[in-house]
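What follows is one structure encoded as structure tokens, with my remarks underneath.
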Amino acid sequence: MPSLFASYLRVYEPLTAFDRDRQIFWRRYVKEGRAVAPLEGPGRQRTAVIEALGAGWTRLPDLPDEAYVLEADDTLLVCPWNLRVRVAEAALSARDGVPPVLADAFVPPILAGQAKAVVEDFRSGARVLEHGVPRLHEQIATWGVPLRWFVFVDPAERELTVRPERRVLRYRTEISKARRRASRGLAVLRKSVGDAPITEAVEEGARWLEEFHPRSVVELDYGGLVQLLPDEALADDDSPALVAEGLAGLSRGDAEAATEAYEKLVARWRAVQLLERCN
């Protein structure tokens, strides 16, 4: 399966964050050895969705309950895929801002109607009462890492492996630390730049983190992007440090330092994004 050139922001929650039925399901899931490794997950997700949708794209099928699993300090942490809801949201997003004729060609009205029903059911009050607050545990970005994600992690939390058979660059942190960083960063941005797009993006991320159990773990995974970057670039990557440097510059009123850090980040990730256009 070819690499998916995407990055991922995930939240792993302890079993106590789920209702009783889900706790039983996930315990059995792990005991049976069904948990999927993050390196294999994106390809498995794509295959499951394509096979389930079929060529007609006329219905929103049931999709398997799968998850990534972590074990930390004798605690089982789970990051469910929520594939059916994510496919439904993607189908609705694909129709936004597109002329009806094109929208119907890409996402038929029958599929769009089913997708809307799935999303509304997922967000409905009835589901909240039965299963707790509905939440999606994984965000995905293609051909780059959103700069706002770097606000949540620290350079010291990096895990890097560059063996030929296993290339990984990721950051893992306690959600309490990620929330504090988001709060500090948001305060600096509100004071320095006001209601700018970056402020709104960090605020949205901070709200998302608040949905999860306080003993959760946050993971920023470079995913398939590691296949686009040489070992030296991965080893030298200091994107979280540059974000922290930029925020520090803003907080002390040093616009020049903040701009320099921001321009370095933009240049680095623009080079990755431009690879999408290569044939």
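The values are calculated or read from the model by the stated rules, or taken from the named source; none is laboratory data. This one's a predicted model, so the numbers in the text were calculated from it and none came from an experiment. Methodologically, a virtual Cβ is constructed for each residue, glycine included, from the backbone with ideal geometry; neighbour enumeration extends over all protein chains shown. What goes into the accessible areas is simple: the full protein's heavy atoms, side chains included, and nothing from ligands, DNA or RNA. Shrake-Rupley method; radii C 1.70, N 1.55, O 1.52, S 1.80 Å.
Name the residue, out of Ala94, Ala103, Ala88, that is touching a residue at least 24 places away in the same chain (Cβ under 8 Å) and among the small types (Gly, Ala, Ser). Spell out how you get there, then give the answer.
Numbers: Ala94 fails: touching a residue at least 24 places away in the same chain (Cβ under 8 Å); Ala103 fails: touching a residue at least 24 places away in the same chain (Cβ under 8 Å).
Ala88 is the lone residue from the list that is touching a residue at least 24 places away in the same chain (Cβ under 8 Å) and among the small types (Gly, Ala, Ser).
Just to be sure before I move on: is Pro155 in contact with a helix residue (DSSP H, G or I) (Cβ under 6 Å, 6 or more places away or on another chain) and modelled with pLDDT of 85 or more in the structure I sent? If you could, list the steps in order and put the result at the bottom.
Values: in contact with a helix residue (DSSP H, G or I) (Cβ under 6 Å, 6 or more places away or on another chain): yes; modelled with pLDDT of 85 or more: yes.
Here the answer is yes, as Pro155 does meet what is asked.
From the list Ala196, Ala182, Ala178, which one is at pLDDT below 95, of a type outside the set (Asp, Glu) and in the same structural domain as Asp238 (by the TED database)? Step through it out loud before you land on a result.
Numbers: Ala182 fails: at pLDDT below 95; Ala178 fails: at pLDDT below 95.
After ruling out the rest, the residue left standing is Ala196.
Being in contact (Cβ under 8 Å) with a residue 40 or more places away in the chain and open to solvent by 70 Å² or more (accessible area, probe 1.4 Å) is the filter here, so list the residues in segment 23-43 that pass it.
Arg27, Leu39
Which residues, counting only those in segment 135-155, are farther than 17 Å from Leu186 by Cβ and among the basic types (Lys, Arg)? Step through it out loud before you land on a result.
Step one: filter segment 135-155 for residues farther than 17 Å from Leu186 by Cβ, giving 135-145, 155.
Correct list: Arg135 only.
Part of a helix (DSSP H, G or I) and open to solvent by 60 Å² or more (accessible area, probe 1.4 Å): does that describe Glu204? Walk me through it before giving the result.
Working: part of a helix (DSSP H, G or I): yes; open to solvent by 60 Å² or more (accessible area, probe 1.4 Å): yes.
Considered against the rule, which asks whether it is part of a helix (DSSP H, G or I) and open to solvent by 60 Å² or more (accessible area, probe 1.4 Å), Glu204 comes out as yes.
Filter segment 268-279 down to residues that are assigned to a helix (DSSP H, G or I) and over 22 Å from the mean Cα position of the chain (by Cα), then give me how many there are.
Of segment 268-279, the ones assigned to a helix (DSSP H, G or I) are 268-277.
With the extra rule that they be over 22 Å from the mean Cα position of the chain (by Cα), the set shrinks to 277.
Result for segment 268-279: 1.
Across segment 161-198, which residue is least open to solvent (accessible area, probe 1.4 Å) among those that are in contact (Cβ under 8 Å) with a residue 24 or more places away in the chain and among the polar types (S, T, N, Q)?
Thr173
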